[in-house]
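These notes are about the structure you will find just below.
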Amino acid sequence: MTADVPGPPDPGLCADCAHALLNRTRRGPVYLRCGAARTDDRLPRYPRLPVVVCPAHQPVDPPDSHPGGAG
Ligand code: SF4
């Protein structure tokens, strides 16, 4: 029998956001920090995960950067 150890939280929108920064502590835990919070007062520096709505979400790889379909 194994103990139920919760996995990392789902980051939601932050998962593919260009503003997401990971801060790793010496003891191991990793915190997701919002880089856009430095200049945007609407955003928390350490957003509560999962982020489901964000006015500053900026996908690293936006869908329209890959023209779909075969030639
Ligand atoms: S801008 Fe929004 S989606 Fe992007 S890292 Fe910050 S809180 Fe997350």
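The values are calculated or read from the model by the stated rules, or taken from the named source; none is laboratory data. All values reported here derive from a predicted model rather than from experimental measurement. We place every Cβ from the backbone using ideal geometry, glycine too, and count neighbours over all the protein chains shown.
Among the conditions (1) modelled with pLDDT under 95; (2) assigned to a helix (DSSP H, G or I), A36 misses just one, which is (1).
Considering the stretch 1-29, and only residues there that are more than 8 Å from the ligand (Cβ to nearest atom) and in contact with a Lys or Arg (Cβ under 8 Å, 6 or more places away or on another chain), the residue that is modelled with the lowest pLDDT turns out to be N23. Taken over the stretch 34-57, the criterion of being near the ligand (Cβ under 8 Å from one of its atoms) and surrounded by 10 or more Cβ atoms within 10 Å (Cβ to Cβ) is satisfied by C34, G35, A36, A37, D40, L43, P44, P47, V51, C54, A56, H57.
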